[in-house]
Every structure is written in C-alpha cells, then in structure tokens.
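Computed from the coordinates by the stated procedures, all read-outs in this text should not be read as laboratory data. As the structure is a computational prediction, the values presented were derived from the model and not from experiment. Heads up, the Cβs are rebuilt from the backbone with ideal geometry, glycines too, and the neighbour counts pull from every protein chain shown.
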Amino acid sequence: MRVLRLGDDIDDYCIKCKRVTNHSILAIVDGEPVKVRCRSCYNEGPYRRCVVPPSKRELQKAALLKQMTEQAPAPPPPVVEAQPARRASQKPARKPAAKTARKKKA
C-alpha cells in the first residue's frame, strides 16, 4: 500500500452528497487519514472508510427489535417423545416403490 500524504485523493462516503466520492486528506494520525474534505461539495468530516452510516429509520427498527426481544417471554422447552429401542438386526421398513409405467394408447 502506498504512503498517504496530506492533500492526496481517496474515496470516502460523503454525508451531504450521500454517495462515495473523491476526498482530499486534511489530517493524518499514525499513517491513517482522520479528517477529509469532499471534492464535490467541500464538506469536511471524519474519514469513514467508505462505510455508509445507518439511517435514522434503520436505527429505530434495530432499537424496536431489541426492545421486543428483551420483553418476549422465553420459549417453552421442547417436548421429547421416547421412541422404542430397535434391535441392531432389524432394518427400518421401506415402502414399495411406486410404478410409473405408462400404458400405450392403441
């Protein structure tokens, strides 16, 4: 991987444009970009590594699902029926194969 420098162009998700666009690097810490500026709308923000943040609706759905699972009663334990023991020499019964022969029309 090449060494990143201030002013280099990288791809990142822009919150204002709502898409992945070219960005200029404004700040670097430990070799990783920290702050970038969109080259389309000039919006400055943190480097998001092209990860699209969840929408408010997705966050609300996740919170509702979490709340419902916490409040749901525990499922009843499964009922296990005892089966009679088979002898090792016994083979399971098989159904006879269905005949699929067609009759010729004369």
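Does Tyr42 qualify as being in contact (Cβ under 8 Å) with a residue 12 or more places away in the chain and among the hydroxyl-bearing types (Ser, Thr, Tyr)?
The answer is no for Tyr42.
Filtering the range 51-64 for residues that are part of a loop (DSSP other than H, G, I, E, B), surrounded by fewer than 12 Cβ atoms within 10 Å (Cβ to Cβ) and in contact with a helix residue (DSSP H, G or I) (Cβ under 9 Å, 6 or more places away or on another chain) leaves a non-empty set. Listed by first and then second residue, the pairs with beta-carbon distance under 8 Å, at least 6 apart or on different chains, first residue in the range 18-36 and touching a residue at least 24 places away in the same chain (Cβ under 8 Å) and aliphatic (A, V, I, L, M), second assigned to a strand (DSSP E or B) and surrounded by fewer than 16 Cβ atoms within 10 Å (Cβ to Cβ), are Val20/Asp11; Ile28/Val34; Val36/Ile10; Val36/Leu26; Val36/Glu44; Val36/Pro46. Among the residues of the range 1-34, those that are loosely packed, with under 12 Cβ neighbours inside 10 Å and assigned to a loop (DSSP other than H, G, I, E, B) comprise Met1, Arg2, Val3, Arg5, Leu6, Gly7, Lys18, Asp30, Gly31.
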